[in-house]
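What follows is calculated from the coordinates using simple rules that are stated; it is not laboratory data. These numbers were taken from a predicted model, which means no experiment stands behind them. Neighbour counts run over all protein chains shown; Cβ positions are idealised from the backbone, glycine included.
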Amino acid sequence: MNLVERRGLWFAISLVLILPGILYMIWHLATVGTPLPLAIDYTGGTQWELRFEQAVEPTDVRQVFVAAGYPDTTAFLVEDDGRTVQLKLKSIDPDQKDILLADLTAKYGNFEERSYRSIGPTIGTEVSRAALLAVIAASVLILIYIAFAFREVPHPFRFGTAAIIALIHDVFVTISFVAIMNLVAGWEIDALFLTAVLTVIGFSVNDTIVIFDRIRENLHRHRGESFATVTNRSLIETMQRSISTQVTAMLILVALIIFGGATLQVFMSTLLVGLISGTYSSIFNAAPVVVAWEERKLLGTPVPAKASGVAVTA
């Protein structure tokens with residue numbers, strides 16, 4: 001099982017996975033003005049969750065806000081009973097809120113206000129800046145740490161750079177997933193998305209370092225073998241451990257998605273996709289990138305079929 005020689009296939013799969021996110025960011029930037037669908041955590045505004053006594057249509061609830069002068073309001077159900085609606089709109093003051101409450105009561109009767117929060121645009125800007133700085137700082141620190149930890153290996157910065165490429169891959173796969181879900185279910189990028197991304201980065205880098213550490217050990221044990229052979233040996237030796245560790249975490253996330261309620265589903269689903277991507281990138285991207293760099297070849301050389309005493313013909 002020569003994984004590194006089939007790296008062209010793994011890279012192609014990664015391209016297919018991240019391409020939807022890249023195309024979506026270009027389209028959203030051109031049409032909306034931001035590369036991603038940002039929630040009020042970043043843009044500022046009001047998030048309002050209401051639970052009615054009877055099932056309602058989100059579009060009908062939205063019309064109350066549109067009629068009151070808030071055409072940019074979005075509304076969607078957050079629970080399966082069809083009674084709980086979450087609304088997102090521009091910032092409103094207490095007097096405007098009272099008017100909207102009166103309009104909703106007149107149309108639907110009594111209802112429960114489950115949550116209400118308003119975030120100013122200044123806070124949203126600070127959160128956006130902090131999110132970007134956090135990802136950049138994490139990437140730089142990871143690069144420095146891996147380069148230092150693998151200083152005994154030739155070209156240690158290659159290992160650090162490959163780890164950064166793998167985590168960027170995971171971020172874009174996560175963005176692709178959220179982009180698709182935005183088109184399907186109206187998902188947006190909120191503060192929990194940053195939490196999910198940083199968690200995914202941590203898991204991915206941890207898994208990648210385990211593989212790189214085995215490569216370092218095998219480079220000393222098998223000095224007569226090529227770098228590609230040593231890397232492939234290391235991948236096979238660590239693959240079962242990597243997959244088993246990640247699957248354990250994934251099973252917990254699946255359970256939380258099923259039983260954790262609507263408020264956790266977006267965060268947990270994003271985290272689950274990110275962990276799957278992190279497992280894939282650690283095995284099929286990070287180490288093969290180092291091999292491609294070492295051999296100065298993006299694609300590997302196919303391994304010919306072998307047979308004992310029998311000629312293999314096409």
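The Stokes-Einstein estimate for region 45-119, based on a Kirkwood radius over Cα pairs and taken at 4 °C with 1.567 mPa s viscosity, is a diffusion coefficient of 106 µm²/s. Placing a pseudo-label 7 Å from each Cα along the Cα-to-Cβ vector at D213 and D93 gives an inter-label distance of 5.9 nm.
Angle, helix 191-221 long axis vs. longest principal axis of the chain, Cα atoms, 0 to 90°, nearest 10? Roughly 10 degrees, rounded to the nearest 10. Relative contact order for the chain: 25 percent, from Cα pairs under 8 Å spaced at least 6 residues apart, divided by residue count. For the chain, a simple Cβ point-charge model (Lys and Arg +1, Asp and Glu -1, everything else neutral) yields a dipole of about 1560 debye relative to the Cα centre. Grab the DSSP H runs of the chain that are 4 residues or longer, score each as -39,500 (n - 2.57), total them, divide by all residues and round the 222 nm result to the nearest 500 deg cm²/dmol. Roughly -22500 deg cm²/dmol at 222 nm, from the helical runs in the chain. Which of I201, L298, I252 sits closest to the plus end of the dipole of the chain, meaning its Cα is farthest towards the positive end, when Lys and Arg get +1 and Asp and Glu get -1 on the C-beta? My answer, from the dipole projection, is L298. From the alpha carbon centroid of region 159-209 to that of region 31-101 is 27 Å.
Where does the charge balance sit around T195 when Lys and Arg score +1, Asp and Glu -1, over other residues with C-beta under 15 Å from its C-beta? Neighbourhood net charge equals -4. For Kirkwood radius over Cα pairs in Å, the listed values are [x] 22.3; [y] 19.3; [z] 20.7; which was obtained by calculation from the structure presented? The calculated read-out lines up with [x].
Put in order of Cβ neighbour count within 10 Å, fewest first, the listed residues M268, M1, M181 become M1, M181, M268.
Pairs of Cα atoms under 8 Å, at least six residues apart: use those to get the relative contact order of region 45-119, whole percent.
Details: 124 pairs, mean separation 36.1, N = 75.
Relative contact order here is 48 percent.
The angle between the Cα long axis of helix 94-108 and the longest principal axis of the Cα atoms of the chain comes to about 80 degrees, rounded to the nearest 10. Counting beta carbons within 10 Å around each of K88, K97 and listing the fewest first gives the order K97, K88. Considering only I92, A67, Y116, and ranking their Cα positions along the charge dipole of region 45-119 that arises from unit charges at the beta-carbon of Lys, Arg, Asp and Glu, the one farthest toward the positive end is I92.
Consider a paramagnetic label point 7 Å from the Cα of N206 along Cα→Cβ; state which residues of region 264-278 have an amide N under 20 Å from it. Label zone hits: 267-278.
Quick check: net charge around D81, other residues with Cβ under 15 Å of its Cβ, Lys/Arg +1 and Asp/Glu -1? Walk me through the intermediate numbers first.
Values: positive: R51, R83, R114; negative: E49, E53, E57, E79, D80, E112.
Residues close to D81 contribute a combined charge of -3.
Against the main long axis of the alpha-carbon atoms of the chain, helix 7-31 sits at an angle near 30°.
Between A55 and L133, the FRET efficiency estimated from the beta carbon spacing at R0 = 35 angstrom works out to 0.20. Residue separation of R117 and F259 scaled by 0.36 nm, minus their Cα-Cα distance, works out to 48.6 nm of gained length.
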